[in-house]
Amino acid sequence: MTEDGMPRELISREVLDRRVGELADEIERDYADSEELLCVGVLKGSVFFMSDLLQRLSRPLVVDFFQTSSYRGETTSPGEVRIRRDLDHSLAGRDVLLIEDIVDTGYTMRTIMALMGFRGARSVRLCVLLDKACKRETPVQIHYRGFEVDDVFVVGYGLDYDDRYRNLPYIGVLEEPGASE
Ligand code: 5GP
């Protein structure tokens, strides 16, 4: 924490903006010949990143969301993944771009990507803002990666601790989650 009690800055807003722009350019190029893209965000953490990313795409796309079980104030990942809110759209025959805030152990994304394939998506690619590769317990193929981060608990730009800090405009490190409660 800094002296004013805010999480220490790890990735600034300027650096985030630049990288999100680069990811959008890559996605735009890769999907140049495909039909309407189905962009699926994982609630709630991906929302800020997804909003900035998709506003930079000029191709036709549809936005959808689903939600998995969350941390509920804990700082370790559960191996079991529960779907709390499902998609509105059918995946059959669609090109799907899955957008997530962070991959940690990999269980969440592995489960969701398998489910999308099972539901008949034509293709599924994963776009992740932050990759905590050092914590991976199960392999996940990441097609678009913003940044790799160390084993620290990050908040801001959509990422939370107990639903707080999501509106920080930068990615910060929460040194001791819960220490002030
Ligand atoms: P995984 O299934 O890959 O272990 O967990 C992915 C989910 O864990 C992310 O969507 C996110 O909700 C949560 N998570 C993992 N690491 C962090 C972190 O450093 N900060 C926050 N805020 N959430 C995290």
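The values are calculated or read from the model by the stated rules, or taken from the named source; none is laboratory data. Remember, it's a predicted structure, so these values are computed and weren't measured experimentally. Positions of Cβ are backbone-derived with ideal geometry, glycine not excepted, and every protein chain shown enters the neighbour counts. Just so you know, the surface numbers come from the protein's heavy atoms only, side chains and all, with ligands and any DNA or RNA stripped out. Shrake-Rupley method; radii C 1.70, N 1.55, O 1.52, S 1.80 Å.
Region 79-135: D in µm²/s via Stokes-Einstein (Kirkwood Rh, Cα pairs, 37 °C, 0.692 mPa s)? Taking Rh from Cα pairs, D becomes 271 µm²/s. For region 1-42, the Cα gyration tensor yields ellipsoid semi-axes of 34, 13, 5 Å (square root of five times each eigenvalue, largest first, whole Å).
A 1.4 Å probe, protein heavy atoms only, puts the accessible area of residue 1 near 90 Å².
Accessible area per residue for region 78-153 is 49 Å², calculated with a 1.4 Å probe on protein heavy atoms, without ligands, DNA or RNA. Look at the alpha carbon pairs under 8 Å that are at least 6 residues apart: their mean separation over the length of the chain gives a relative contact order of 24 percent.
Shown is the FRET efficiency for residue 145 and residue 44, computed with R0 = 22 Å from the Cβ-Cβ distance and rounded to the nearest 0.05: 0.60. Between residue 136 and residue 58, the C-beta separation translates, for a Förster distance of 35 Å, into a calculated FRET efficiency of about 0.55. To put it simply, the accessible area of the chain at a 1.4 Å probe is 45 percent carbon and sulfur.
Relative contact order, whole percent, for region 91-181 stands at 24, derived from Cα pairs under 8 Å and 6 or more residues apart. Once the convex hull of all Cα atoms in region 1-74 is built, its volume per residue stands at 115 Å³.
Charge dipole (Cα centre; +1 on Lys/Arg Cβ, -1 on Asp/Glu Cβ; no other charges) of the chain amounts to roughly 600 debye. The trypsin sites (Lys or Arg not before Pro) of region 91-180 include none that DSSP puts in a loop with a beta carbon having at most 11 other beta carbons within 10 Å.
Once the Cα atoms of helix 13-30 and of the chain are each reduced to a long axis, what angle between those two axes, in degrees from 0 to 90 to the nearest 10, is obtained? Once rounded, one gets 20 degrees. Build a GNM of the chain with springs between Cα atoms under 10 Å apart, and of 121, 32, 133 the one that fluctuates most is 32. Every Cα-Cα pair of region 1-160 was included, and the share exceeding 25 Å stands at 28 percent.
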